[in-house]
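Reading through the structure tokens given below for one structure.
The values are calculated or read from the model by the stated rules, or taken from the named source; none is laboratory data. Predicted model, so just to flag it, every value in this text is computed and none were measured. Cβ coordinates were reconstructed from backbone atoms using ideal geometry, including for glycine residues, and neighbour counts include every protein chain displayed. Surface accessibility is based on the protein's heavy atoms, side chains included, excluding ligands, DNA and RNA. Shrake-Rupley method; radii C 1.70, N 1.55, O 1.52, S 1.80 Å.
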Amino acid sequence: MMKLVIVAAGILLLSGCYYDKEELLYPDSPNCSTTPAKFSTDIAPLIQSRCAISGCHAAGSTNGPGPLTSYALIKNAAPEIKAAVVSRFMPRIGTLTQLEIKKISCWVDAGAPEN
């Protein structure tokens with residue numbers, strides 16, 4: 001009986017291990033080699049016009065990660081920003097295009113460089 005319990009436990013543990021292909025699990029994940037994302041030309045203008053506005057993440061904001069008014073503040077909040085836009089939780093006012101979401105995602109995945 002004890003052997004049966006050990007074998008059953010082993011089967012349950014091993015059944016949790018499997019190999020999946022990322023492209024099959026996440027078909028909409030961005031191809032960052034074809035989605036350029038520079039802070040100065042892509043990310044900063046987007047954050048300034050869609051996030052760092054009154055009532056959202058302007059100077060003095062206590063919403064979420066707080067104000068998103070400088071590179072340092074945006075970089076520190078980069079993982080939260082990515083999660084919020086990929087889930088479409090943010091922005092609260094309007095929506096981002098799929099390309100804008102990809103640019104933010106690729107920029108964050110690249111380490112949020114100041115380029």
_Cβ-Cβ distance below 8 Å, separation of 6 or more or different chains: which pairs start in segment 52-67 with a residue that is within 13 Å of PHE89 (Cβ to Cβ) and end on one that is surrounded by 15 or more Cβ atoms within 10 Å (Cβ to Cβ) and of a type in the set (S, T, N, Q)?_
PRO65/ASN76
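How about segment 99-115: which of its residues are out of contact with any Asp or Glu (no Cβ under 8 Å at 6 or more places or on another chain) and within 18 Å of ASN31 (Cβ to Cβ)? Steps first, please.
First pass over segment 99-115, keeping only residues out of contact with any Asp or Glu (no Cβ under 8 Å at 6 or more places or on another chain): 99-102, 104-106, 108-115.
Once the filter is applied, which keeps residues that are out of contact with any Asp or Glu (no Cβ under 8 Å at 6 or more places or on another chain) and within 18 Å of ASN31 (Cβ to Cβ), segment 99-115 yields LEU99, GLU100, ILE101, LYS102, ILE104, SER105, CYS106, VAL108, ASP109, ALA110, GLY111.
Restricting attention to segment 68-103, which residues are in a loop (DSSP other than H, G, I, E, B), touching a Cys at 6+ places or on another chain (Cβ under 8 Å), open to solvent by less than 70 Å² (accessible area, probe 1.4 Å) and touching a residue at least 24 places away in the same chain (Cβ under 8 Å)?
We begin by selecting, within segment 68-103, every residue in a loop (DSSP other than H, G, I, E, B); these are 68-70, 77, 87-97.
After this cut, where a residue has to be touching a Cys at 6+ places or on another chain (Cβ under 8 Å) as well, the list is 68, 90-93.
Next, from what is left, pick out any that are open to solvent by less than 70 Å² (accessible area, probe 1.4 Å): 68, 90-91.
If the condition is that a residue be in a loop (DSSP other than H, G, I, E, B), touching a Cys at 6+ places or on another chain (Cβ under 8 Å), open to solvent by less than 70 Å² (accessible area, probe 1.4 Å) and touching a residue at least 24 places away in the same chain (Cβ under 8 Å), then MET90, PRO91 are the ones that fit.
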*Identify, from the list SER105, SER87, the residue that is closer than 18 Å to PHE39 by Cβ, hydroxyl-bearing (Ser, Thr, Tyr) and within 10 Å of the chain's Cα centre (by Cα).*
SER105
*asked:* If I ask for residues that are open to solvent by 60 Å² or more (accessible area, probe 1.4 Å), at pLDDT 90 or above and in a loop (DSSP other than H, G, I, E, B), which ones from segment 28-53 would you list?
replied: LYS38
